[in-house]
Amino acid sequence: MRCCPRAALVLGLLRIYLAQANFAPHFFDNGVGSTNGNMALFSLPEDTPVGSHVYTLNGTDPEGDPLSYHISFEPSTRSVFSVDPSCGSITLVEELDREKEDEIEAIISISDGLNLVAEKVVILVTDANDEAPRFIQEPYIVLVPENTPAGSSIFKVHAEDKDTGSGGSVTYFLQNLHSSKFTMDRHSGVLRLQTGATLDYEKSRAHFITVVAKDGGGRLRGADVVFSATTTVTVNVEDVQDTAPMFVGTPYYGYVYEDTLPGSEVLTVVAIDGDRGKPNHILYRLLNESDGVFEINETSGAISVLQSPAQLRREVYELHVQVTEVNSPGSPGAQAMVPVTIRIVDLNNHPPTFYGESGPQNKFELSMYEHPPQGEILRGLKITVNDSDQGANAKFNLRLVGPGGIFRVVPQTVLNEAQVTIIVENSAAIDFEKSKLLTFKLLAIEVNTPEKFSSTADIVIQLLDTNDNVPKFTSHYYIARIPENAPGGSNVVAVTAVDPDTGPWGKVQYSIYGTGSDLFLIHPSTGLIYTQPWASLDAEGTSRYNFYVKAEDMDGRYSLAEVFVTLLDVNDHYPQFVQSIQEKTMVLGTPVKIEATDQDAEEPNNLVDYSITHAEPANVFDIDAHTGEIWLKNSIRSLEALHNITPSGDYSWSLQVQAKDRGSPSFSTTALLKIDITDTETMSRGSMAAFLIQTKDNPMKAVGVLAGVMAIVVAITVLISTATFWRNKKSNKVLPVRRVLRRRPSPAPHTVRTEWLKFRRAKAATKFILKEDPPNENCNNSRAGITVPPRAPALPPPPKMSSSTVAQQTVPTVSGSLTPQPPQQLPKPKPSGGPIQSSLVSELKQKFEKKSLDNKAYF
């Protein structure tokens, strides 16, 4: 079959197009629940966090070209998602809120670079429990009558929760179930009055109820949550007429006095409606018959007396007042009754009155001596008090108004009339010197009357003085200072004593006494103390005096004060040298000292300064002005230098030195000082020579030093002998009557080496054991026929040793008494002096026993 040329052309072009065509890409549709594809039927919870990956766009291209993904939104909507163009990952960029926007419309597209395919998708936003219940139509205020029956519905609350499912369901309950009169239906929100509960306007006019609305709970951000809300329901109680009238100010008492006029108001009864929300009008009336004596105003409740009190026959009237509420239509309502007591009383129209001997009197005067005995009655006061009223109106109290605790009034309570007695309570307070006039008010005041009538009377007491005070000095001691050169009769100090008494009792006489009062006199009237006319004061002899001064009144009452008189030193003594001409020996490099004394008592009068007034030549000596030390000048260091500056070439000088005190005016004394100078070579000739040279100027010093040395030697000898005797006597190793003569062994030196007394071996003492014979009757171990033992030779002197080892290294001696003693059992003595002394004594005693036979010529 042949084709037309045109058809062949079209067919050729179609083949070329098919060879060059590019097909568009498309999304995968993976269905519900898939998280990749074309977001068909995709839903997302509203609590998904911002920034979360929520979906992946996924598609394909027939040619396998690279794909890019896009998402866009309507201009009026939010851009909730963003997409990664290369991989199609969709991210949440805005918070979701199902209650505001439950679905999101978006346009997703896929492109291979040449072809773009777009689709409109709807994303559903699913609910999360993110909303709390919210009460509507607040505030909740309800008015409820107080007679509402129990169990009645009062009010209904309503709360909404925008969530769906269980998170949107709301239940209700009361926050405080135990203290409320109300109950709440949990599903409907209806508020009811509890069974058995009642409202009372008079007790509580309003109730405040807290209601809680709670949702059913749900998931939020992966957790189960429950939300709630609260509101307050105010229940105002409406008053109803259910309470009887109430009286105010009960009980009611009234008084009608003797001068009350007919028609006068006695008292007013007040009643109010017990229902205060809507009170009714009140009417008053008297129930019982009052014999036409009283009437009451029906609207005000005022009770008035209709007759004169003089016409009344009873003292007490008991009335009963009834009140009635009047309802709004005018019909009578609730009623109440109250008793009223009215007493007819006598008028209290007479105050208490004071009377003297001549009638009514309001001032009483008396003169008395001070300090009367306690409990004394002021008999000079004749006072009577009276009240002309009767009964309770005539009862009154008495008291004194003024300085408290001085007087006491008797009686203190009076009925009608009494004699007034005033008694002394505090005698010490009645003192003429403190107050010459005592003034009181005697007060009488009624006790049981409302008027409290009272009256007063002045009590004036003039005090008379007695001698009840002791003169007292203005000070317990007086201190005076006078110069020692004050002439006789000079004033020292004036003492003052005061006696508060008046007249002759207040005059004071002064006198002095004491060991230090011999040089002083006192003026008996003025108290001026002055020195005796012949007194010569000397601070150097006695610088202080103290004595007592006495102030005495005419009755012999007195007091004492102590006077201290200090003599002020006056520069009245010259400095005095021991000798006007003195001789001193000076060793080169060592000063000599002169000394002068000033007999003045105080500084600076007794301070002495020294100076050299004349020396020839003048450049040899210097002197310390304060200590009196004289030394050679620093340029003179040897006797040769002295020899060169002296014309005579000897080493003796004569100086004129001056001692001057620091008083004002100053006194001075001079003395001639002869100085012999020697050097240290002369001093090195021997210690004794040096000592004699140093004491050349004062030979008594040398005598005193030598005497002191001898006394010390004698004392040491006596102590050593005594200690040795008592040690030997207590040890009982040598009998006290034994005398042992020991020959001198050789002309060897009489020294005992220290090493001989030290035993370095423990067994060395055993060879000195002494076996003693038993003592005879006269405690003498000598042989028979011996009468007088010969004199024992002196022991060699002890070796020289340090003072710290004298007690252990002294050679023991043996001494005895010729007086026989009866034998006695001596306790075993404790070793004294250490093991060295015990060994030494044992050795000596053994030697004495061994040689006793060889020395028969001495016995």
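No lab work stands behind these numbers, since they all come straight from the coordinates. Please read these numbers as outputs of a predicted model, since none were measured by experiment. Neighbour counts are summed over all protein chains in view; Cβ atoms, including those assigned to glycine, are modelled from backbone coordinates with ideal geometry.
Once Rg and the Kirkwood radius are both taken over the C-alpha atoms of segment 146-200, their ratio Rg/Rh works out to 1.09.
Each distinct pair of alpha carbons in segment 134-238 adds a 1/r term; the inverse of their mean, the Kirkwood radius, is 14.6 Å.
Computed extension length for ASP185-GLU629: 147.5 nm, one decimal, from 0.36 nm per residue of separation with the Cα-Cα distance subtracted.
Evaluated at 20 °C with a viscosity of 1.002 mPa s, what Stokes-Einstein diffusion coefficient in µm²/s does segment 324-413 have when Rh comes from the Kirkwood expression over alpha-carbon pairs? After rounding, the answer is 115 µm²/s. Each other residue within a Cβ distance under 14 Å of ASN448 adds +1 if Lys or Arg and -1 if Asp or Glu, for a net charge of -2. Sequence-ordered 3J(HN,Hα) estimates for segment 253-259 from the Karplus curve with 6.51, -1.76 and 1.60 and θ = phi - 60° stand at 10, x, 10, 10, 9, 5, 9 Hz, glycine and proline given as x.
Let a ≥ b ≥ c be the square roots of the eigenvalues of the Cα gyration tensor of segment 561-643; is it rounded (a/c under 1.5), or, if not, prolate (a/b larger than b/c) or oblate?
Verdict is prolate for segment 561-643.
The mean sequence distance of close C-alpha pairs (under 8 Å, at least 6 residues apart), as a share of the length of segment 134-238, puts its relative contact order at 35 percent. Take the Cα radius of gyration of segment 472-568 and divide it by 2.2 N^0.38 Å, N being the number of residues; the result is 1.11. Amide H contacts for LEU588 (H built 1.01 Å from N in the peptide plane; partners 5 or more residues away or on another chain; cut-off under 5 Å): THR678, ASP679, THR680.
Within segment 170-256, the trypsin sites (Lys or Arg not before Pro) that combine a DSSP coil assignment with at most 12 other C-beta atoms in a 10 angstrom radius are LYS203, ARG221. The chymotrypsin sites (Phe, Trp or Tyr not before Pro) of segment 41-82 that meet both conditions, a loop assignment by DSSP and at most 14 other Cβ atoms within 10 Å of the site Cβ, are PHE73. Approximating the spin labels as points 7 Å out from Cα along Cα→Cβ, the GLU238-to-GLU451 distance works out to 5.9 nm.
If you take all other residues with their beta carbon under 11 Å from the beta carbon of VAL470, and give Lys and Arg +1 and Asp and Glu -1, the sum is -4.
Taking the centroid of alpha carbons for each part, segment 14-92 and segment 481-530 are 133 Å apart. For LYS436 and SER525, a Förster radius of 22 Å and the Cβ-Cβ distance give a FRET efficiency of 0.25, rounded to the nearest 0.05. Here segment 353-464 is treated as a sphere whose radius is the Kirkwood value from Cα pairs; by Stokes-Einstein at 37 °C and 0.692 mPa s it diffuses with a coefficient of 226 µm²/s. Amide hydrogen proximity for ILE154: with H placed 1.01 Å from N in the peptide plane, the residues at 5 or more positions away or on another chain lying under 5 Å are LEU191, ARG192, LEU193.
Around the amide H of THR268, modelled in the peptide plane, lie the amide H atoms of ILE303, all under 5 Å away and 5 or more residues distant in sequence or on another chain.
Around ASP215, what is the net charge, scoring Lys/Arg as +1 and Asp/Glu as -1 over all other residues with Cβ under 11 Å from its Cβ?
Details: positive: ARG134, LYS162, LYS214; negative: ASP130, GLU131, GLU160, ASP161, ASP163.
So the environment of ASP215 carries a net charge of -2.
Full extension of the chain segment joining LEU366 with GLU138 gains 73.1 nm, where the gain is 0.36 nm per residue of separation less the Cα-Cα distance. Using a/c under 1.5 as the rounded threshold, could you call segment 246-345 rounded, prolate or oblate? The axes a ≥ b ≥ c are square roots of the C-alpha gyration tensor eigenvalues, and prolate needs a/b larger than b/c, oblate otherwise. Prolate, because a/c is 1.5 or more and a/b exceeds b/c.
Compared with the alpha-carbon gap, the fully stretched path from LEU347 to THR126 is longer by 69.8 nm at 0.36 nm per residue.
Kindly provide the pair-distance distribution of segment 26-124 built from C-alpha pairs, with 5 Å bins from 0 and whole-percent values in order of increasing distance. Spelled out bin by bin, segment 26-124 gives 3, 13, 24, 26, 18, 9, 4, 2, 0 percent. Between segment 259-327 and segment 361-424, the C-alpha centres lie 47 angstrom from each other. Rounded, prolate or oblate for segment 205-257? Axes are the square roots of the Cα gyration tensor eigenvalues, ordered a ≥ b ≥ c, and the cut-off for rounded is a/c under 1.5. Cα axes put segment 205-257 in the prolate bin.
Karplus-derived 3J(HN,Hα) values for segment 419-434, using 6.51 cos²θ - 1.76 cosθ + 1.60 with θ = phi - 60°, are 8, 8, 10, 10, 10, 5, 10, 9, 5, 5, 6, 8, 10, 4, 6, 7 Hz; glycine and proline are entered as x.
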